[in-house]
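Since the structure comes first, as structure tokens, the remarks are kept for the end.
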Amino acid sequence: MASRRKEQSPEEGRLIETDVLVVGGGPAAGWAALSAAEAGARVVLADKGYHGTSGATAPSNTGTWCVPPGEGRAASVEQRFKRTAGLADRRWMLRAADQAYENLQKLVEWGYPFPSEEDGSLYIANLRGPDYMRFLRQRVQKAGVTILDHHPILELLGDDNHVAGAAGLARRNGASFQVLAGAVVLATGGCAFFERILGGTGLTGDGYLFAAEAGASLSGMEFTGKYTLAPHGSSLNKGLPFRWATFYGANGEVLRNARGEPVTNGIGGGERQVAEALLAGPVHARLDLAEPAMQDWLRRGQPNCFQPYERMGINPFTDLFRVDLKYEGTVRGTGGIRIVSSDCGTGIAGLYAAGDAASRENVTGGISGGGAINASWAIASGWWAGHGAARHAHRRQGRDGSRLRPLGTTALRGGTAGPAVDLAAAARTVHDEIAPLDKSYWRTSATLEASERTLEDIWSRLNRAPPATGIERLQAREVAAVTASARWTVAAATLRTESRGVHRRRDFPGESEVQASRIIVSGLDRVTAVRETLALETAQEG
Amino acid sequence: MIEVVSADRCIRCDICERICPAFVFDRDETGLPVIARQDDCQTCFLCEIYCPTDALYVAEQADGPTGITEPDVLERDLFGAYARALGWNRGRAGGTRNDPTRHIRVAQV
């Protein structure tokens, strides 16, 4: 018999009061909730999906940037800093390494089943997604956090000076609910721009839209030219097995680089050639450089990667198979909400950002933090944001919340003059302006200008359309958030007239020394992009 | 994406409906999960491993259904394939202690 608990429909207009609201359900959300609870706050975690399976980490197997304390740490930071296209911050890198290490040790204390090295010591530099996220949920429950699964947030609540809650809906029946909170942590993940990557369905940049509506800025949105190989048509954008791949053209002949050598290592030197070849036609791969021992480790250590092959009935070590480069937006790209304080504050009182919702430039600069760096950033930034939010909520205790108003605009209010928008069609159009290789692996002023026109048109149509109602509000807001994220991406990419990190301009192939600073984007109806150095100078003069 | 719910194997426990991050399932009046929003499926395979009776099958194509049927899945022994590879069993987590990924990380550099 079906259990009765889930038959109950969430009631319309439910109102919850708490100290800290965490929006999202991946690792950053979990760590933020644990942190705020540890600091003594009452915590509500509202997840669009299910906290434990939501987001890009749960279906994955992720390394961490795990640097033990001691002599080697500064050297490790320095070595990593050299690869960040000059835009990371050593202080943040050091403190992220430190906090992540400390929290990995908490997992050990709590009994997370890490594997052992040959000498019996625990190997803590890798977390298997399904197990890690299930474990984290159990800890969050144990800490007394109220978890609202399948309760997407649609907008923030606040007044002119601060954020103090959020409003959303229950997916079961579309019922509205509100959470009044002393502070809010956005841990909504990155934006996958509707690309079908592992764990990407819910990653629609919701937090970016909420933050911008509250007046916060974003940074690093041009560092979104990140793609990873996957078996054709699958969701498995996991590059590790392709370290041992050789690549072949549609005719079955091995691809060769300019020196006539076979194209190999799809997560290293081979990636760019594979991308070039994919512009011309299908590319195939075979993991033929993996020795038998490595084949066994890959199969047992990366079992998610082998699901497509097993289901297609092929052996990737001996058979050729077709590959795609899947677009990863700000999930493995780097942009997000701009962080302005050590506790991951956004510059808007009461609003904090963590994980992929935040810009990761502080720890990874202009390159991808995919895998290890982002995993450690989620742990560290979640922890800091949780503490920051708890402190803020404590200071604001007893304040009057009667002047709060909903901050959401596009797809929720305004509009009515224009026709309704076909949301599925709009989603496809935005995806197709951002995800193709000739739009985001390589950019030119011509492609960016064309994208800007298309995206402006969609944005304006979304704003003129009658507001969405009921359960449809979720899709309408997702399309709005992805469209806004695409507009910020195009604005930042247009301003950066050079190639740096994972931002590649065909028309400006070199790095330009004078552009070695970050780009801040903000605004909704009018998007602005400015260089951080200039913004600081203006602020100092003003 | 999710393509097969085996009515024979399913024990009507509601776990898949509850844990699906993309909210793909509804249930019919008998408690059997119904694939109500198939196109929302993110092909993450997690419903398979949470299922206590290996009653679900997610095909590898993320953009649309392949048309595979329950007899095909049975014949190819694909029910529970991901759970077995991970070391999960009857919906319970397991196997991380035997994860050999550290060897891969050392060799990848």
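The values are calculated or read from the model by the stated rules, or taken from the named source; none is laboratory data. Note that the structure is predicted; figures quoted are calculated from it, not measured. A quick note on method: Cβ atoms are made from the backbone with ideal geometry, for glycine too, and the neighbour counts reach across all protein chains shown. Please note that ligands, DNA and RNA were not included when accessible areas were found on the heavy atoms of the full protein model with its side chains. Shrake-Rupley method; radii C 1.70, N 1.55, O 1.52, S 1.80 Å.
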Please list, ordered by residue number, the strands (runs of 3 or more DSSP E) wholly in the stretch A:161-254 having 2 or more residues that are surrounded by 21 or more Cβ atoms within 10 Å (Cβ to Cβ) and more than 20 Å from the chain's Cα centre (by Cα).
A:163-169, A:176-186, A:246-248
Of all the residues that make up the stretch B:57-80, how many are within 16 Å of A:Ser235 (Cβ to Cβ) and either open to solvent by less than 10 Å² (accessible area, probe 1.4 Å) or facing chain A (nearest Cβ under 7 Å) (or both)?
7
Between a first residue in the stretch A:259-271 that is within 20 Å of A:Gly225 (Cβ to Cβ) and a second residue that is open to solvent by 60 Å² or more (accessible area, probe 1.4 Å), which pairs have beta carbons less than 6 Å apart while being 6 or more apart in sequence or on different chains?
A:Val263/A:Gln273
If we take the stretch A:291-402, then helices (runs of 4 or more DSSP H) inside it with 2 or more residues that are over 27 Å from A:Gly225 (Cβ atoms) are A:292-301, A:303-312, A:372-395
Could you check how many residues of the stretch A:117-148 are hydroxyl-bearing (Ser, Thr, Tyr) and in contact (Cβ under 8 Å) with a residue 12 or more places away in the chain?
2
Of the residues in the stretch B:47-56, those that are more than 8 Å from chain A (Cβ to nearest Cβ), open to solvent by less than 10 Å² (accessible area, probe 1.4 Å) and either over 18 Å from A:Gly55 (Cα atoms) or of a type in the set (Val, Ile, Thr) (or both) come to B:Ala55, B:Leu56
Being touching a Gly at 6+ places or on another chain (Cβ under 9 Å), more than 7 Å from chain A (Cβ to nearest Cβ) and free of Cβ contacts under 8 Å to residues at least 24 places away in the same chain is the filter here, so list the residues in the stretch B:84-109 that pass it.
B:Gly87, B:Asn89, B:Gly94, B:Gly95
I'd like to check which helices (runs of 4 or more DSSP H) are fully inside the stretch A:438-542 and have at least 2 residues that are basic (Lys, Arg).
A:445-464, A:472-495
Just checking, does the stretch A:286-293 include any residue being away from every other protein chain (no Cβ under 14 Å) and either out of contact with any strand residue (DSSP E or B) (no Cβ under 7 Å at 6 or more places or on another chain) or open to solvent by 60 Å² or more (accessible area, probe 1.4 Å) (or both)?
yes
Selection count, the stretch A:411-452, where residues are open to solvent by 70 Å² or more (accessible area, probe 1.4 Å) and within 15 Å of A:Ala492 (Cα to Cα):
2
With respect to A:Leu107, is the statement that it is within 13 Å of chain B (Cβ to nearest Cβ), open to solvent by less than 50 Å² (accessible area, probe 1.4 Å) and not in a loop (DSSP other than H, G, I, E, B) true?
yes
Subset of the stretch A:125-160 (residues that are part of a strand (DSSP E or B) and more than 14 Å from every other protein chain (Cβ to nearest Cβ))
A:Thr146, A:Ile153, A:Leu154, A:Glu155, A:Leu156, A:Leu157, A:Gly158
Members of the stretch A:479-526 that are closer than 23 Å to A:Val363 by Cβ and open to solvent by 30 Å² or more (accessible area, probe 1.4 Å):
A:Leu495, A:Gly501, A:Glu511, A:Glu513, A:Ala516, A:Arg518, A:Ser522
In the stretch A:355-366, is there at least one residue being outside the structural domain of A:Leu240 (by TED's automatic domain parsing) and of a type in the set (Val, Ile, Thr)?
yes
Anything in the stretch A:527-542 that is at pLDDT 95 or above and crowded, with 16+ Cβ neighbours inside 10 Å? List them, or say none.
A:Val527, A:Ala529, A:Val530, A:Arg531
